[in-house]
Amino acid sequence: MAPVSKDERKAMSLNNKVPQEVRIGFLVHDVSRMRRTLFDQAMKPLGITRSQWWVFSQLSRHARSGMLQTELARDLDVGKVTVGGLIDRLEVAGYVIRVPEKGDRRAKRVMITDRGHEILKEMVAVGHRLNEIILAGLTEAQVAATEATLETMKENIRAAIIDKDDVELPVGVFAPDEAPAGLEPAPPRKTRARAG
């Protein structure tokens, strides 16, 4: 194969540029992923895993009332068994307690304990320091504009998920519960019965 000239490399580079509407998605994803990695590194000395600080983050938004375990699973987009295991570990550490829900003793409301609030304060302090690092070099106006842009994008996505009938999705993009026109949904997977 003949070597590629400098002009050919430049032309290939220009042709391979990612469109802006795609690039912003990559940037949002990359910033989110890198931010999680940075927070993981900072939380490790506190003995808090990423999954645990996500639970704390959600619970802190409902510090006085707590959250039902099922609500927590839904908001974290994980299964009930997964969130149950996370809560088990936080409960053993003394950071949360489960309280039977009034009117439905089977349902459990998860509450942050005093010890949990102490670790939460440390997590918030670490978060403030990390935000200073992450936002270094940005003006207040830039941060405000970015927040407003991301909030609008979030609301647009939420509307597309909830009101899928009112939103025209691009060709090839379908709402999660819809099969493309002319295609049948995949049949359910067969599972083998376990010998027991």
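The values are calculated or read from the model by the stated rules, or taken from the named source; none is laboratory data. Predicted, not measured: the structure shown is a model, and the values here were computed from it. All Cβ positions, even for glycine, are placed from backbone atoms using ideal geometry, and neighbour counts span all protein chains on display.
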Filter region 75-88 for residues that are surrounded by fewer than 15 Cβ atoms within 10 Å (Cβ to Cβ) and of a type outside the set (S, T, N, Q); the one that is nearest to W54 (Cα to Cα) is D77
Out of the residues in region 56-74 that are of a type outside the set (A, V, I, L, M) and farther than 18 Å from D114 by Cα, which is surrounded by the most Cβ atoms within 10 Å (Cβ to Cβ)?
-> Q69
Long-range neighbours under 9 Å by Cβ, at least six apart or interchain, first residue under 19 Å from F26 (Cβ atoms) within region 144-172, second surrounded by 10 or more Cβ atoms within 10 Å (Cβ to Cβ) and modelled with pLDDT of 95 or more = T146/L138
Of all residues in region 27-55, count the ones that are more than 19 Å from I119 (Cα to Cα) and either in contact with a strand residue (DSSP E or B) (Cβ under 8 Å, 6 or more places away or on another chain) or not aliphatic (A, V, I, L, M) (or both).
-> 6
Of the residues Q52, Q41, Q69, which is free of Cβ contacts under 8 Å to residues at least 12 places away in the same chain and not aromatic (F, W, Y)?
-> Q41
Please enumerate the residues belonging to region 36-62 that are farther than 24 Å from R158 by Cβ and small (G, A, S).
-> A42, G47
Hey, A63 under 17 Å from M123 (Cβ atoms) and hydrophobic (A, V, I, L, M, F, W, C) or not | yes
Take the residues in region 102-121 that are part of a strand (DSSP E or B) and more than 12 Å from Q69 (Cβ to Cβ), then tell me which one is farthest from the chain's Cα centre (by Cα).
-> R105
Near pairs, Cβ below 7 angstrom, 6+ apart or cross-chain, from region 74-85 (in contact (Cβ under 8 Å) with a residue 24 or more places away in the chain) to any residue that is assigned to a helix (DSSP H, G or I) and of a type in the set (G, A, S) | V83/A73
